Amino acid sequence: MERDSFVVAVVGATGAVGREMLKTLKARNFPACEIIPLASSRSAGTKVPYGDDELVVRELGEHSFEGVDIALFSAGGSVSEEYAPIAARSGCVVVDNSSAWRMDEETPLVVPEVNPHDLDWHKGIIANPNCSTIQMVVVLKPIHDAATIRRVVVSTYQAVSGAGQKAMDELTDQVKKMYNFDMESIDPKYFQYRIAFNCLPHIDRFLENDYTKEEMKMVHETRKILGDDSIGVSPTAVRVPVYIGHSESVNIETVDKLSARDCRALLSQAPGITVQDNPEENIYPMAIEAVDEDATFVGRIRDDETIANGLNMWIVADNLRKGAALNAVQIAETLVERELVRVP
Ligand code: A2P
């Protein structure tokens with residue numbers, strides 16, 4: 001029988017993404033009969049906003065998922081590794097925002113505009129992709145369907161909120177100190193170097209091939225979501241002193257010709273995308289305008305004049321929203337629509 005109301009847990013409810021998840025569930029009227037915010041013992045008993053109400057945070061534990069239908073996790077990889085299987089064993093479907101399960105073969109990695117069909121084979125855990133990957137694949141999907149993507153070269157300009165609340169506080173603190181010419185007391189803790197008025201070509205740790213883990217996530221996750229291991233992805237991930245909103249400069253080489261003009265028309269019809277592209281009027285996407293928006297914005301669409309079948313573009317989205325909380329809630333909504341809120 002089709003269900004019409006669900007018990008939903010949010011793990012990491014006091015964090016930057018967890019709070020955005022609660023906001024998104026409420027704003028989109030998710031069919032929840034109960035919302036259970038979970039976090040560490042540090043914040044058990046504190047309150048988090050849910051619309052006009054406040055909910056009391058409970059401590060995450062082995063029994064937290066009894067009677068819960070859907071759990072949205074955003075409390076870091078180690079919490080997901082330990083608790084997502086516990087939740088799934090108690091019959092709760094997990095949508096996990098960490099990287100813990102993304103490349104697991106038994107776990108679908110889903111962006112609802114791109115590969116909703118992959119939800120059909122879930123076994124209790126569904127992974128939410130990396131924020132930079134999500135906004136890129138929303139745009140790559142229609143282009144891949146129309147002209148077959150051979151290769152993507154991407155540079156990211158990623159906001160500090162992607163690294164959590166402490167990273168946002170560090171930027172604020174450093175900007176204040178610089179404003180007061182108090183440079184000497186700047187003591188980077190979260191980031192290795194000063195992030196205020198600087199760009200750091202270093203997100204997550206370096207791997208043996210000298211790419212960062214963040215960059216390799218974009219390579220592997222893009223192929224898994226688009227279901228095509230032949231796509232080449234060549235990324236450089238950069239942290240910039242922006243609070244919210246990731247931007248990406250993306251160069252795409254396709255097998256078949258797709259002109260910038262046709263690409264603009266194609267993307268303006270595609271789900272989840274808003275095209276903002278009018279050079280004559282100085283219109284293009286910007287992080288400051290993407291904040292609190294659901295859409296993935298694309299502009300600066302140009303033919304790459306150095307190769308036969310190439311395009312350049314600029315893609316921007318709210319990393320906490322489409323890059324995390326919104327995508328997770330859209331996955332939950334799609335599970336409900338497809339009657340998949342059960343662990344096989
Ligand atoms: P808490 O507030 O109790 O520390 P952010 O990424 O913005 O820093 O948020 C991390 C989220 O993950 C917070 O809600 C945090 O809760 C939660 N969290 C971190 N470690 C644990 C843990 N061991 N068990 C449960 N929740 C955790």
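Here are some notes:
- Among the listed pairs 123/322; 141/177; 23/141, those beyond 32 Å (Cα-Cα): 141/177
- Residues 93, 275, ordered by accessible area of protein heavy atoms at a 1.4 angstrom probe radius and largest first, appear as 275, 93.
- Note on residue 289 and residue 176: with the Förster distance fixed at 25 Å, the Cβ-Cβ geometry gives a FRET efficiency of about 0.50.
- Given charges at beta-carbon only (K, R positive; D, E negative), |dipole| of the chain in Debye: 360 debye
- In order along the range 79-93, the phi-based Karplus estimate (6.51 cos²θ - 1.76 cosθ + 1.60, θ = phi - 60°) of 3J(HN,Hα) comes to 5, 5, 4, 7, 9, 4, x, 5, 4, 4, 5, 8, x, 9, 7 Hz; Gly and Pro are listed as x.
- For the range 196-217 and the range 82-139, distance of Cα centres in Å: 23 Å
- With all protein chains modelled, accessible area of residue 141 [1.4 Å, Å²]: 60 Å²
- For the range 91-123, GluC sites (Glu not before Pro) meeting the loop criterion (DSSP other than H, G, I, E, B) and having at most 15 other Cβ atoms within 10 Å: 105, 106.
- Each Lys and Arg adds +1 at its Cβ and each Asp and Glu adds -1 at its Cβ; summed about the Cα centre, the range 55-153 shows a dipole of about 440 debye.
- Within the range 1-94, the trypsin sites (Lys or Arg not before Pro) that combine a DSSP coil assignment with at most 14 other C-beta atoms in a 10 angstrom radius are 3, 28.
- Here the sum of -39500 (n - 2.57) over DSSP H runs of 4 or more residues, divided by the residues of the chain, equals -8500 deg cm²/dmol at 222 nm, to the nearest 500.
- Phi to ³J(HN,Hα) by Karplus 6.51 cos²θ - 1.76 cosθ + 1.60 over the range 226-238, Hz, x for Gly, Pro: 7, x, 8, 6, 7, 6, x, 10, 10, x, 10, 9, 10
- Accessible area expressed per residue, the chain, with surrounding protein chains retained (probe 1.4 Å, Å²): 46 Å²
- Sparsely packed loop sites in the range 175-223 (the GluC sites (Glu not before Pro) outside DSSP H, G, I, E and B with at most 14 other Cβ atoms within 10 Å) comprise 208.
- Cα Rg, Dmax (largest Cα-Cα span) when computed across the chain, Å: 20.2, 65
- The H on the amide N of residue 126, modeled in the peptide plane, is under 5 Å from the matching H of 94, 95, 96, each at least 5 residues off or on a different chain.
- Counted over the chain, the DSSP beta bridges are approximately 45% antiparallel.
- For the range 1-145, averaging the sequence separation of C-alpha pairs within contact (under 8 Å, six or more residues apart) and dividing by the residue count gives a relative contact order of 19 percent.
- Solvent-accessible area, 1.4 Å probe, carbon plus sulfur percent, for the range 54-165: 45 percent
- Ordering of 332-338, 197-203 by packing is 332-338, 197-203, highest average first (other Cβ atoms within 10 Å, averaged per residue).
- Relative contact order %, the range 1-59, counting alpha carbon pairs below 8 Å whose residues are six or more apart: 35 percent
- Backbone geometry of the range 212-220 corresponds, through the Karplus equation with coefficients 6.51, -1.76 and 1.60 at θ = phi - 60°, to 3J(HN,Hα) couplings of 8, 4, 4, 5, 6, 4, 5, 5, 6 Hz, x marking Gly and Pro.
- Built from the Cα atoms of the range 41-105, the convex hull projects on average onto 5.0 nm², one quarter of its surface area.
- Sorting 179, 193 on solvent-accessible area from highest to lowest, probe radius 1.4 Å, gives 179, 193.
- Residues of type aspartates and glutamates that residue 257 reaches as a straight line, Cα spacing below 13 Å, ignoring anything fewer than 8 places off in the same chain: 145, 303, 304, 305
- For the chain, the relative contact order works out to 19 percent when only alpha carbon pairs closer than 8 Å and six or more residues apart are counted.
The values are calculated or read from the model by the stated rules, or taken from the named source; none is laboratory data. All figures in this text were calculated on a predicted structure; none of them were measured in a lab. Counting neighbours? That spans all protein chains shown, and the Cβs are built from the backbone with ideal geometry, glycine included. Protein only, heavy atoms only, side chains kept; ligands, DNA and RNA dropped before computing areas. Shrake-Rupley method; radii C 1.70, N 1.55, O 1.52, S 1.80 Å.
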